[in-house]
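Only one structure is covered here, and it is reproduced in the block below.
The values are calculated or read from the model by the stated rules, or taken from the named source; none is laboratory data. Quick caveat: nothing in here was measured; it's all calculated off a predicted structure. Neighbour counts run over all protein chains shown; Cβ positions are idealised from the backbone, glycine included.
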Amino acid sequence: MFLANGEKRDEFQSKPGPYWSLMFEVSESSFKPVDYSTLLWNTIKGAINTSLLRSDHEIVSTYQRSFHHGYPTPSLQRDNALVDILPKLKSANIWSRGRFGSWKYEVGNQGIFSNPEIEYESISNGLHHV
């Protein structure tokens, strides 16, 4: 256990809580490399700078995982690429949606039926049983 300011706590006294979690995603590309040796501390520092954490908050545990091939990050060419990609997926009965599908972050992180256009398309194409 340590404090968000980096101070180590040798004594650990189990407390009943409350505990809460934060999860952060960090994007990486050839244009924006990530220094893994400082990633955790830079993330904690960013959480302090944006008032998500205070420097005296206790951090009980951390977990860090790297995916070398995750979902695509949107680019300026995204919509042009989707014009070709989405019809091919649809012809294979794959209905690509949201952040992990058609890369449309502006409608991502939403349930499939939170968008009226998606509802209409789903019902019109017989997907209402899904």
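Just one residue in the set Leu86, Leu39 is surrounded by 13 or more Cβ atoms within 10 Å (Cβ to Cβ) and over 30 Å from Glu11 (Cβ atoms); that residue is Leu86. Note on the range 43-57: residues that are assigned to a helix (DSSP H, G or I) and within 20 Å of Met1 (Cβ to Cβ) total 5. Could you say whether any residue in the range 117-128 is surrounded by fewer than 13 Cβ atoms within 10 Å (Cβ to Cβ), modelled with pLDDT of 80 or more and farther than 22 Å from Phe2 by Cβ? Checked the range 117-128: no residue is surrounded by fewer than 13 Cβ atoms within 10 Å (Cβ to Cβ), modelled with pLDDT of 80 or more and farther than 22 Å from Phe2 by Cβ. Scanning the range 26-72 for residues being aromatic (Phe, Trp, Tyr) and touching a residue at least 24 places away in the same chain (Cβ under 8 Å) gives a total of 3. Scanning the range 7-35 for residues that are surrounded by 10 or more Cβ atoms within 10 Å (Cβ to Cβ) and within 25 Å of the chain's Cα centre (by Cα) turns up Leu22, Phe24, Val26, Glu28, Val34.
Condition check ((1) within 16 Å of the chain's Cα centre (by Cα); (2) modelled with pLDDT of 85 or more) across all residues:
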site	(1), (2)
Thr43	yes, yes
Ile59	no, yes
Gln64	yes, yes
Asp79	no, no
